Amino acid sequence: MDTAVTAKVNDFFGQFPTRDYKKGQILIHAGDDPDGVHYLTSGRVKMYDLTYRGDEVVLNIFKTGAFFPMSYVINRTPNLYFFEAEDNIMLHKAPVEQVLDFIKANPDVLFNLLARVYSGTDGVLQRMAHLMASSAKSRVIYELIIECRRFGEPSGDGFVMNLTESDIAARSGLSRETVSREMVKLRASGIIELNNKILLVPNLTELETTLGRDL
C-alpha cells in the first residue's frame, strides 16, 4: 500500500479500539451480516467456505494492512463465508457507514482498494485455471508459489514458510491424502524441504519452472 494511503487508513481506523483475537476464533460467520469493517494490524485471517462434507475451502487470506469485507460495504452483498484468525491477531473494527463515507471522501484510498481487488481477481482466475485444467501436482505447486510470494520469509534464493499439508489441501481443493502424496514426490526431487513443520522452498525459480513444465 502507498505510504500516504497507509497513513490515511491508519489514522481513520486508529480512532477505533484495538481488538485481539486468538488463533481459531471466528470473526464473521457465514450468513451473518458484518457489524463492522475489520482493519488487520497484525496476523492473518482466512476467508473460507465449507463443503457438504464439512471440509474447508480457503478462498482468500488477508494479511496485515487489509480491511474487509468490502463487498458487503460497497454492494451490501450477503456474506456467505467464514472469516477466521489464522494466528493471534490484532485489528480495529469500524462502523460500515463510516468506512463507506471514508473511502468516498478519499479517492486515493478507493483507487488503492480497487487496485488490490483487481490483483486479487487475477489470482482467483489463475487458481481457477489450475483447478479446471491442471494435475494435482501443479495445483500443489501453484499454492506453494502463491504462499512464497505473499507470506514467505526470504531465505537465499527461496522462502521459508509455516505451512501444513492441511493448509495446502484447503487452498487447492484437494484431499489431504492427495496433497501428502504430492509433497512426498516434491521432497524426493529436492524442490522442497520440511524440517520441524517448517517448509522450505530452496529455489523459487526452480519451483516456478517445474510448474511450467507440468502444465
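The values are calculated or read from the model by the stated rules, or taken from the named source; none is laboratory data. Keep in mind that this is a model prediction, so the values were computed, not measured. Note: ideal-geometry Cβ built from the backbone for every residue, glycine included; neighbour counts use all protein chains shown. Only protein heavy atoms, including side chains, enter the accessible area calculation; ligands, DNA and RNA are left aside. Shrake-Rupley method; radii C 1.70, N 1.55, O 1.52, S 1.80 Å.
Condition first: open to solvent by 80 Å² or more (accessible area, probe 1.4 Å) and acidic (Asp, Glu). Now tell me which residues in the range 16-44 satisfy that.
Residues satisfying the conditions are ASP20, ASP33, ASP35.
Restricting attention to the range 192-211, report how many residues are in contact with a Lys or Arg (Cβ under 9 Å, 6 or more places away or on another chain) and either more than 28 Å from THR51 (Cβ to Cβ) or at pLDDT 85 or above (or both).
Residues meeting the conditions: 3.
Given (1) surrounded by 16 or more Cβ atoms within 10 Å (Cβ to Cβ); (2) among the polar types (S, T, N, Q); (3) over 28 Å from TYR39 (Cβ atoms), where does SER135 come up short, assuming only one miss?
(1)
For PRO78, indicate whether it is in a strand (DSSP E or B) and surrounded by fewer than 12 Cβ atoms within 10 Å (Cβ to Cβ).
No: the conditions fail for PRO78.
Return the residues of the range 46-58 that are touching a residue at least 24 places away in the same chain (Cβ under 8 Å) and open to solvent by 20 Å² or more (accessible area, probe 1.4 Å); say none if nothing qualifies.
LYS46, MET47, ASP49, LEU50, ASP55, GLU56, VAL57
Within the range 158-175, can one find any residue that is in contact with a Lys or Arg (Cβ under 9 Å, 6 or more places away or on another chain), open to solvent by 90 Å² or more (accessible area, probe 1.4 Å) and assigned to a loop (DSSP other than H, G, I, E, B)?
Looking for residues that are in contact with a Lys or Arg (Cβ under 9 Å, 6 or more places away or on another chain), open to solvent by 90 Å² or more (accessible area, probe 1.4 Å) and assigned to a loop (DSSP other than H, G, I, E, B), one finds at least one in the range 158-175, hence yes.
Do you know which of the residues in the range 81-104 that are hydrophobic (A, V, I, L, M, F, W, C) and in a strand (DSSP E or B) is most open to solvent (accessible area, probe 1.4 Å)?
MET90
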